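> Mind looking over this structure? Questions follow.
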Amino acid sequence: MKGLREVTVFTNGDSSQLSTWSNVPYLFTQTLITKGIKVNRVDLTPDPSLKNIWDKTMGRIARRLVNKRTNFEYFRSRKHFKNVQARIKKAINDHPKTDVFIFLTFSFSASGLTKKPVVLFGDWTYDYYLDYYENRRPDILERQSIKRENLVIEKADLVLPLFPGIAALMKKKYSNKNIQYLGNVINAINTISEAKALQAKANSSEILFAGSRKYIAGALSLISAFENLKKQYPLLKLHIVGINKTEIEKTLPADVICYGYLDKGNDKERELYYDIFKKAKLFINTTPKWGAFSATIEAMFFYNPIIVMPYAEFVETFGKQINFGVYCEENIPENIVKCIKQIFDHADYNSLCINSSMAVREYSWSAYIDKVIAQIKALQGQT
């Protein structure tokens, strides 16, 4: 069987930078390197000049004539698709010793341009995003992009969705027989021992919320709950990572600290980020439909009991009953208060912490990339 010595990885952003796309491109490529595999990085970021022209022309027309709410943008346009195809052809020629071409997206592929295996890795499809998050049918321009993405997925040699439910849906939708769910990954750079974690949390009165602006609904409900809890727990503090104070659009109570986005590529910001995660009493994000999955499992890795809505992919991954936190059925302050008290008053809080970390112990990048390599070697055995 042919060995795996060199790969070319395509990402929307610079995969050599820790701050790109929630650290995933960096950790994916860096882990391959630690396995002794040469990695050629190709950045598929839209060309700024082409994007600017498109935004001022086709972009305006799309929003004015097609759909004011359209999600369609230059990244999804045929113009960008053609530009990316040209970049892919160049990369194929530049790296002739590549054993496999890996795309950290479902939108682009080298299939049809090379005889080498092509692997796609991603979280969800564009079609799924519009259906699940925006709860609507795609407009005419979005449908064109979805059609292109569907063809990309069908032609790939291996497709790796990051979530089990989405993998199951993709297996039903596509005729591609090699769609595999290999587990999830924790985007953690730092670590902590069990003893130090439990010691840090023993007398903690700090609540952690992590998530960007799109999780504002969960943050607002939590702030209201915090105001009620503060009366009973005067030392309580709430740390909100990923949302700026100006995005809250209301006067914050005392001891609510908003940090905005903390860049792990910045040494000081990374240390602050992990200091918050390590000292928290619990992690919470009760935004409906999606509670910042990546941040949640990272918090679990650092021994934090969690409170989230029982959204589909989390339940599919961890089950309907969890022994490391509480499912909050509604994103309302009264329910959030009850859930937080349930963890604060738990008879064996330490067991929640330990169970939380154990639940994600298998989701290391090293273990995940080992599975990816095994799948790729299986492809090589077929060619």
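Quick grid of which residues meet (1) closer than 18 Å to Leu282 by Cα; (2) surrounded by fewer than 20 Cβ atoms within 10 Å (Cβ to Cβ):
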{"residue": "Asn178", "(1), (2)": "no, yes"}
{"residue": "Val185", "(1), (2)": "no, no"}
{"residue": "Glu194", "(1), (2)": "yes, yes"}
{"residue": "Ser204", "(1), (2)": "yes, yes"}
{"residue": "Phe226", "(1), (2)": "yes, no"}
{"residue": "Glu249", "(1), (2)": "no, yes"}
{"residue": "Ala254", "(1), (2)": "no, yes"}
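> A further question follows. Among the residues of region 277-295, which ones are open to solvent by 10 Å² or more (accessible area, probe 1.4 Å) and not in a loop (DSSP other than H, G, I, E, B)?
Those that are open to solvent by 10 Å² or more (accessible area, probe 1.4 Å) and not in a loop (DSSP other than H, G, I, E, B): Lys278, Lys279, Ser294, Ala295.
> Within the group Lys214, Lys264, which residue is closer than 26 Å to Tyr133 by Cβ, in a loop (DSSP other than H, G, I, E, B) and either in contact with a Leu (Cβ under 9 Å, 6 or more places away or on another chain) or among the charged types (D, E, K, R) (or both)?
Within the list Lys214, Lys264, the selection yields Lys264.
Quick grid of which residues meet (1) closer than 23 Å to Glu330 by Cα; (2) without any contact (Cβ under 8 Å) to a residue 40 or more places away in the chain:
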{"residue": "Ser204", "(1), (2)": "no, no"}
{"residue": "Leu208", "(1), (2)": "yes, no"}
{"residue": "Asn228", "(1), (2)": "yes, no"}
{"residue": "Pro234", "(1), (2)": "no, yes"}
{"residue": "Ile243", "(1), (2)": "yes, yes"}
{"residue": "Glu247", "(1), (2)": "yes, yes"}
{"residue": "Ile257", "(1), (2)": "no, yes"}
{"residue": "Glu269", "(1), (2)": "no, yes"}
{"residue": "Thr286", "(1), (2)": "yes, no"}
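> Report yes if Val7 is in contact (Cβ under 8 Å) with a residue 40 or more places away in the chain and farther than 27 Å from Ala292 by Cα, otherwise no.
Yes.
> Just give me the residues in region 143-176 being open to solvent by 70 Å² or more (accessible area, probe 1.4 Å) and either without any contact (Cβ under 8 Å) to a residue 60 or more places away in the chain or aliphatic (A, V, I, L, M) (or both), in sequence order.
Arg143, Lys147, Leu151, Lys155, Leu169, Lys171, Lys172, Lys173, Ser175
> Same structure, new question: Being open to solvent by 40 Å² or more (accessible area, probe 1.4 Å) and within 20 Å of Glu269 (Cβ to Cβ) is the filter here; which residues of region 206-224 pass it?
Those that are open to solvent by 40 Å² or more (accessible area, probe 1.4 Å) and within 20 Å of Glu269 (Cβ to Cβ): Glu206, Ser212, Arg213.
> For region 123-138, enumerate the residues that are without any contact (Cβ under 8 Å) to a residue 24 or more places away in the chain and open to solvent by 50 Å² or more (accessible area, probe 1.4 Å).
If the condition is that a residue be without any contact (Cβ under 8 Å) to a residue 24 or more places away in the chain and open to solvent by 50 Å² or more (accessible area, probe 1.4 Å), then Asp131, Asn135, Arg137 are the ones that fit.
> Starting from region 58-79, take each residue that is open to solvent by less than 40 Å² (accessible area, probe 1.4 Å) and list its partners that are among the small types (Gly, Ala, Ser), counting only C-beta distances under 6 angstrom and pairs at least six apart or across chains.
These pairs meet every condition: Thr70/Ala62; Phe72/Ala62.
> On to the next question. I'd like to check something: does region 330-349 contain any residue that is of a type outside the set (S, T, N, Q), under 28 Å from Lys177 (Cα atoms) and open to solvent by less than 30 Å² (accessible area, probe 1.4 Å)?
There is no residue in region 330-349 that is of a type outside the set (S, T, N, Q), under 28 Å from Lys177 (Cα atoms) and open to solvent by less than 30 Å² (accessible area, probe 1.4 Å).
> Are there any pairs with C-beta distances below 6 angstrom linking a residue in region 88-104 that is touching a residue at least 40 places away in the same chain (Cβ under 8 Å) to a residue that is buried (at least 16 other Cβ atoms within 10 Å of the Cβ) and in a helix (DSSP H, G or I), with the two at least 6 apart or on different chains, and if so which?
Going by the 6 Å Cβ cut-off, the qualifying pairs are Val100/Ile376; Leu104/Pro25.
The values are calculated or read from the model by the stated rules, or taken from the named source; none is laboratory data. Bear in mind that the values here come from a model prediction, so they are computed numbers and not experimental data. Reconstructed Cβ throughout: ideal geometry from the backbone, glycine too, with neighbour counts over all protein chains shown. The accessibility values were calculated without ligands, DNA or RNA, using every heavy atom of the protein model including side chains. Shrake-Rupley method; radii C 1.70, N 1.55, O 1.52, S 1.80 Å.
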